[in-house]
Amino acid sequence: MAAAPEKRSSEERKPKRVSNGAQASQGQWGRAWEVDWFSLASILFLLTFAPLIVYYFVLSCHQYQCSLTSPLAELLLGNTRLSHLWDTTPALTHKAAAIYVLWVTLQVILYAFVPDFCHKFIPGYVGGVQEGAVTPAGAVNKYEINGLQAWIITHVLWFANAYYFHWFSPTIIFDNWIPLLWCANILGYAVSTFAMIKAYFFPTNARDCKFTGNFFYDYMMGIEFNPRIGKWFDFKLFFNGRPGIVAWTLINLSYAAKQQELYGQVTNSMILVNVLQGIYVLDYFWNEAWYLKTIDICHDHFGWYLGWGDCVWLPYLYTLQGLYLVYHPVQLGTTNAVGILILGLVGYYIFRATNHQKDLFRRTDGNCKIWGKKPEYIECSYLSVDGTKYYSKLMTSGFWGWARHFNYTGDLMGSLAYCLACGFAHILPYFYIVYMTILLTHRCIRDEHRCFSKYGEDWKRYTAKVPYRLIPGIF
């Protein structure tokens with residue numbers, strides 16, 4: 001739920017070029033046109049090892065009680081073989097396949113065929129048909145924002161089953177976790193491959209496609225900017241939010257149910273993880289319209305990075321804390337539990353308040369008050385591929401005067417809280433904070449590289465005014 005580059009304003013659309021010091025040609029903002037050797041090496045590394053990393057983490061929990069070192073140590077010492085580890089790993093089952101197909105089908109129906117009605121009776125919620133940001137080619141897509149509705153319907157069905165219908169056990173996700181992993185991989189690779197084929201033969205908007213000529217880079221980073229089927233089924237919005245993020249809270253509930261089944265109670269650490277991550281998920285869906293202005297939608301093309309990542313990486317590695325607590329239940333002392341809760345809530349407040357300030361600034365075109373006074377900003381201009389001139393305002397006051405990505409700082413505080421709830425017996429649950437630190441730091445850097453390509457000298461003026469990225473006075 002990290003925020004991203006500034007919103008592409010559409011107040012002025014004058015079809016003329018400007019000189020603002022940006023890179024020479026139009027359309028430089030967005031994904032790269034060319035691939036350097038380091039980028040290619042990184043792509044090949046991720047394509048090769050990211051699926052193995054997910055498998056290794058799940059294997060460590062399933063067979064080695066969440067010890068990350070034991071499988072590798074046994075292999076190096078000759079106490080086991082890769083073939084043995086593979087043979088003892090649960091295989092794909094008809095049951096898991098049926099569960100996954102039903103799950104994805106439900107989410108497709110809720111996304112594509114059930115128009116949002118939540119915005120009609122929930123005060124303050126923005127849903128229904130909303131416009132996205134201007135794409136590099138100058139297009140403005142419309143989206144049906146109904147994620148909160150899908151989340152509510154899904155969880156009503158879940159609890160109705162758990163307390164009334166009893167069609168399946170609430171532990172069903174945990175009990176089929178590894179077979180479901182194979183299903184998620186199949187979908188992730190299938191949709192990524194389809195997206196690449198579609199980009200070549202029937203793109204939604206050919207002017208928003210980018211071909212580098214390097215198969216591996218194009219496959220991973222994507223070619224099409226906003227691949228769609230029909231008018232409303234947008235690949236990026238669907239796979240970024242559904243089925244992975246809707247499933248996140250259900251996965252944690254299944255972990256809690258398993259803990260209850262095994263130990264006769266749900267520990268306060270499991271409750272903390274469910275509550276704090278549940279707030280994160282609900283925040284995403286409450287602000288789904290705002291998400292249309294983030295880096296995932298505004299800059300990333302749709303390829304394996306998003307397709308496979310949202311199907312596999314997100315649901316399997318973002319939920320490691322709950323999975324760990326099934327194998328190693330932790331009952332926190334009152335002081336520790338309260339401290340972790342406060343850390344998570346303060347992190348969420350910073351994350352939300354920072355994003356709210358930017359959203360308010362955008363919606364009012366700067367005619368608002370931030371911390372009791374009119375916000376300060378820098379006016380920028382940029383060009384779309386067709387040469388149309390646009391204007392943006394980059395805020396330099398409030399939390400955005402403290403650091404250029406202070407919302408990420410709050411995000412990291414919340415991420416640390418999830419991990420601390422698991423205690424210190426194993427390093428596995430701390431993968432999340434390490435990963436998020438790397439991810440958000442890298443996102444800062446690539447976001448700013450793209451913003452410089454887009455805004456040129458205007459971006460230099462902005463970074464001079466707000467010199468720090470994440471931590472005021474330090475970084």
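The values are calculated or read from the model by the stated rules, or taken from the named source; none is laboratory data. As the structure is a prediction and not an experimental result, all values here were calculated from the model. Cβ sites come from the backbone with ideal geometry, for glycine too, and all protein chains shown count toward neighbours. Surface accessibility is based on the protein's heavy atoms, side chains included, excluding ligands, DNA and RNA. Shrake-Rupley method; radii C 1.70, N 1.55, O 1.52, S 1.80 Å.
Structure summary
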quantity	calculated
Amide N of segment 207-229 lying under 17 Å from the label point, which is placed 7 angstrom from the Cα of ALA41 along Cα→Cβ	217
0 to 90° range, to nearest 10: angle between helix 406-420 axis and the chain longest Cα axis	0
For segment 28-182: rounded, prolate or oblate by the Cα gyration tensor [a/c cutoff 1.5]	oblate
Accessible solvent surface per residue of segment 352-474, calculated while the other protein chains remain in place, 1.4 angstrom probe, Å²	40
Under Karplus coefficients 6.51, -1.76 and 1.60, residue-wise ³J(HN,Hα) of segment 253-268 in Hz, glycine/proline x	5, 5, 4, 4, 5, 5, 4, 4, 5, 7, 10, x, 7, 10, 6, 5
Estimated [θ] at 222 nm from DSSP helical runs (n ≥ 4, -39500 (n - 2.57)) normalised by residues in the chain, nearest 500	-17500 deg cm²/dmol
Qualifying aspartates and glutamates (Cα of each under 20 Å from Cα of LYS198; at least 8 residues distant if same chain)	ASP208, ASP218, GLU224, ASP234, ASP296, ASP300, ASP310
Surrounding net charge for THR80, when Lys and Arg each add one and Asp and Glu each subtract one, Cβ distance under 14 Å	-1
Residues in segment 110-138 that a label on ASP365 would reach, taking backbone N under 15 Å of a point 7 Å out along Cα→Cβ	none
Built amide H within the under 5 Å cut-off of THR204, gap 5+	ARG228
Of every Cα-Cα pair in segment 43-89, the percent that sits beyond 17 Å	35
Sequence-separation-based contact order of the chain, relative, with Cα cut under 8 Å and 6+ spacing, percent	25
Inter-label distance for ALA425 and ALA206, nm, one decimal - labels placed 7 Å from Cα along Cα-to-Cβ	6.1
SER381 long-range amide H proximity, modeled H, under 5 Å	SER392
Where labels lie 7 Å past Cα in the beta-carbon direction, separation of LYS231 and ALA73 in nm	6.1
Rounded if a/c under 1.5, otherwise prolate or oblate - segment 91-219, Cα gyration tensor axes	oblate
Separation of the VAL275 and ALA98 label points, Cα + 7 Å toward Cβ, nm	3.8
Cα-based shape type of segment 352-474, given that a ≥ b ≥ c are square roots of the gyration tensor eigenvalues and the cut on a/c is 1.5	prolate
Long-range HN-HN contacts of VAL129 with modeled amide H, under 5 Å	ILE145
Semi-axis lengths, Å, segment 93-331, gyration tensor of Cα atoms, sqrt of 5 times eigenvalues	32, 21, 16
Under DSSP loop assignment and at most 11 Cβ neighbours within 10 Å, longest trypsin sites (Lys or Arg not before Pro)-free interval of the chain	82-230
Apportionment of accessible area to carbon and sulfur, the chain, percent (1.4 Å)	66
Mean projected area (nm²) of the alpha-carbon convex hull when the chain is viewed from all directions	24.2
